[in-house]
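What follows is a short report on a single structure.
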Amino acid sequence: MSTDRILVTGAFGLVGAELVRTLLAGGHDVVATDLDIEPNHKKAARLRGSNGLAGRNGLDVRWADLTDPAALNALVSAVRPTAIVHLAAVIPPACYARPDLARKVNVTATQSLVDAAVAQPSPPRFIQASSVAVYGPRNPHRVDDVLTPDLASAPADLYGAHKAEAESIVAGSHLDWVILRLGGVLTAEPRWDIDKDLIYFEGLLPTDGRIQTVDVRDVAHAFAAAATGQMSKEIYLIGGDESHRITQGFLAPAVSEAMGLTGGLPIGRAGNPGSDRDWFATDWMDTSSAQAALGFQRHTLADLIAETRDRVGVRRYPLRVIAPAMRRYLRAQSPYRHTPGRFADPWGAIASRWGNPSPDSVS
């Protein structure tokens, strides 16, 4: 067992659970923290029993509310980690519906966690999960470059602004830190639930908007390498290899086809080439420095889609039958149904369902 003791916040989310699994497989001593709710208890139980991890002593689960500074300080003082990987966040679209909670988790809790880390006799290494949302919208018809770590931040929405603030808190500390800005994280695990908010959110994104996806297992490897490596005070962009450079209009149909829902998704709207505002905060990125330092890119997009197809297996055949009905249902959920015009209006669609997505002011 490694002498490292790594505290992971948001440990039972998509990235968190995969990171915990990766760290345990590497022989690291892991403390996983998340909200004390039943779904997380079930995820913790599954994690302990998966991938041959049952019976290992390396996983310590400690429930905590990160918006409680006293509880957070007590947690860090009790654990005394050598590294903290801070994943906990309220992400889109939930952050738009609950902006006050989003600020408490995304910004205030980050400050509290950094303060608790700084106060330790041996301050831990701090790995901050961020997002390409800090760059703001990118009109692919007017840019011919890609995102780079040194490109200036220009967040246009609440989530991007929160992540930019959190980055400033971490980078302004005296800790040994690394910031990872994530692209579109995907998993090969099929989803069988129907999340109306997620369907609506994905439907409002411009179909020709550029996005660089990345397999969640590769994201976990990136965080594990950052937590246990020697790099310091660096910002890295975490996306898959060039096969993951796609458009929003390619992504959802490719995943749905892998599940057997061929033609199950209605066609969305393209973005307005004449507007630099009416796009979502995603784009392709230069991941060369991140790959050189972290060596995380292991799964192509074709690999991920093929694995999804394999995991669905024979269930694809009955799903093909219901694809037309699914298409009619999803068309009824479209954010642009009965909306005039021919271009996507992502921020207007978000505002109409969840409220103003603009950056919030600091009180």
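The values are calculated or read from the model by the stated rules, or taken from the named source; none is laboratory data. The structure presented is a predicted model; accordingly, all values stated were derived computationally and were not measured. Note: ideal-geometry Cβ built from the backbone for every residue, glycine included; neighbour counts use all protein chains shown. Side chains included, ligands, DNA and RNA excluded: accessible areas come from the protein's heavy atoms. Shrake-Rupley method; radii C 1.70, N 1.55, O 1.52, S 1.80 Å.
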Worksheet item: Pairing the Cα long axis of helix 216-228 with the longest principal axis of the chain, what angle in degrees results, from 0 to 90 and rounded to the nearest 10?
Response: 30 degrees
Worksheet entry | Largest to smallest accessible area among Asp145, Asp193, Asp4 [probe 1.4 Å] | Asp193, Asp145, Asp4
Worksheet item: Based solely on its DSSP helices, what 222 nm [θ] is calculated for the chain when runs of n ≥ 4 H residues each add -39,500 (n - 2.57) and the sum is averaged over all residues, nearest 500 deg cm²/dmol?
Response: -12000 deg cm²/dmol
Discussion item. At a 10 angstrom cut-off on C-beta neighbours, averaged per residue, how do the peptides 15-23, 286-294, 64-72 rank from highest to lowest?
Written reply: 15-23, 286-294, 64-72
Worksheet, complete the sentence: Put Arg48, Arg245 in order of accessible area, largest first, probe 1.4 Å, and you get Arg48, Arg245
Practice prompt. Using only Cα atoms, find the angle between the long axis of helix 38-48 and the longest principal axis of the chain, and express it within 0 to 90 degrees, rounded to the nearest 10.
Written response: 70 degrees
Worksheet item: Considering only protein heavy atoms, what is the solvent-accessible area of Glu307 at a probe of 1.4 Å, reported in Å² to the nearest 10?
Response: 50 Å²
Practice prompt. State the answer as a single residue: which of Pro149, Thr282, Ile127 lies farthest towards the positive end of the charge dipole of the chain, with beta carbon charges of +1 for Lys and Arg and -1 for Asp and Glu, about the Cα centre.
Written response: Thr282
Worksheet, complete the sentence: Carbon/sulfur accessible area of segment 207-290, % of total, 1.4 Å probe, equals 57 percent
Item to complete: Calculate, for the chain, the solvent-accessible area per residue in square angstrom, rolling a 1.4 angstrom probe over the heavy atoms of the protein chains.
Response: 44 Å²
Worksheet entry | Dipole magnitude of the chain about its Cα centre (Cβ charges: Lys, Arg +1; Asp, Glu -1), debye to nearest 20 | 1140 debye
Discussion item. In segment 304-363, if the dipole is taken from +1 on Lys/Arg beta carbons and -1 on Asp/Glu beta carbons about the Cα centre, which of Ile305, Leu330, Pro318 is farthest to the positive end?
Written reply: Pro318
Response to the item:
Checked segment 213-341 with the C-alpha gyration tensor, a ≥ b ≥ c its square-rooted eigenvalues, rounded below a/c of 1.5, otherwise prolate if a/b is larger than b/c and oblate if not; verdict oblate
Discussion item. Could you sort the peptides 218-229, 319-330, 265-276 by per-residue average Cβ neighbour count (10 Å cutoff), highest mean leading?
Written reply: 218-229, 265-276, 319-330
Worksheet item: How do Trp192, Trp63, Trp347 stack up against each other in accessible area, from largest to smallest, with a 1.4 angstrom probe?
Response: Trp192, Trp63, Trp347
Worksheet entry | Under 26 Å from the Cα of Lys196 - lysines, other chains or at least 8 residues apart | Lys42, Lys43, Lys104, Lys163
Item to complete: Compute, for Phe250, the solvent-accessible surface of its heavy atoms (probe 1.4 Å) with the complete set of protein chains present, and express it in square angstrom to the nearest 10.
Response: 100 Å²
